[in-house]
1. Which of the following residues is under 13 Å from the mean Cα position of the chain (by Cα), part of a helix (DSSP H, G or I) and over 28 Å from ARG24 (Cβ atoms): LEU111, LEU55, LEU115?
2. Is it the case that LEU94 is over 10 Å from the mean Cα position of the chain (by Cα), under 26 Å from ALA28 (Cβ atoms) and not in a helix (DSSP H, G or I)?
3. Checking GLU56 against (1) surrounded by 16 or more Cβ atoms within 10 Å (Cβ to Cβ); (2) within 19 Å of LEU111 (Cβ to Cβ); (3) not aromatic (Phe, Trp, Tyr), which test does it fail?
4. Tally time: how many residues in segment 87-107 are modelled with pLDDT of 95 or more and exposed (fewer than 15 other Cβ atoms within 10 Å of the Cβ)?
5. Could you identify the single residue in ALA87, ALA103 that is out of contact with any strand residue (DSSP E or B) (no Cβ under 7 Å at 6 or more places or on another chain), farther than 16 Å from ALA18 by Cα and not polar (S, T, N, Q)?
6. Check ILE43 against each of (1) closer than 16 Å to LEU112 by Cβ; (2) in contact with a Phe, Trp or Tyr (Cβ under 7 Å, 6 or more places away or on another chain); (3) aliphatic (A, V, I, L, M); (4) free of Cβ contacts under 8 Å to residues at least 40 places away in the same chain and name the one condition it does not meet.
7. Which residue pairs have Cβ atoms closer than 6 Å, lie 6 or more positions apart in sequence or on different chains, and pair a first residue in segment 61-88 that is more than 17 Å from ASN116 (Cα to Cα) with a second residue that is in a helix (DSSP H, G or I) and not β-branched (Val, Ile, Thr)?
Amino acid sequence: MMPIDVREVLADPSQGGAYFVDARESDALAEAAQALDFAVVRIELAGCGSKHRALERFAQALRFPAWFGGNFDALADSLGDLSWLRARGYVLLLEHTDMWRQADDENFATLLDILNEAAVVWGEQGVPFWALMPLPQEQLDKLAI
């Protein structure tokens, strides 16, 4: 069997979306995305226990314009625009999502919906959009159950 070239997968706009990935692969995925001239943005969510704080981190990391409203509708609008961050594709690395995911699972699920919808919108324009959430292998195994 031929090994999969991660760059081919990342370059395919129809495959984009929000995915949990093995944390050990995080740097290799970022390097592959950079090799494709994608914008790679790390969003540090350590210590976020609320939607409000997480949205602040998104706004900061992605350099959202001043009009960003700090709610999920504004996040969806901003992720669907990104005109201030032009690139051939986008890879968001959402680091340390555990605390927020466990403290506020409902809002975290809404975030995943927004990220997946952004991937669809960008994919329809032929632009790959990925939101990757690195987790240690043992946590990935628990999600698979």
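The values are calculated or read from the model by the stated rules, or taken from the named source; none is laboratory data. Since the structure is predicted, the reported quantities are computational estimates derived from the model, not experimental observations. Here the Cβ positions follow ideal geometry from the backbone for every residue, glycine too, while neighbour counts run over all protein chains shown.
1. LEU55
2. no
3. (1)
4. 1
5. Working: ALA87 fails: out of contact with any strand residue (DSSP E or B) (no Cβ under 7 Å at 6 or more places or on another chain).
One residue alone meets the criteria, ALA103.
6. (4)
7. Sorted first by the residue in segment 61-88, then by its partner, the pairs are PHE64/SER78; PHE68/ALA59; PHE68/ALA74; PHE68/SER78; GLY70/LEU55.
Matching residues to (1) aliphatic (A, V, I, L, M); (2) at pLDDT 95 or above; (3) part of a helix (DSSP H, G or I):
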residue	(1), (2), (3)
VAL9	yes, no, yes
ARG24	no, no, yes
ASP27	no, no, yes
ALA30	yes, yes, yes
CYS48	no, no, no
PRO65	no, no, no
ASP73	no, yes, yes
ASP77	no, yes, yes
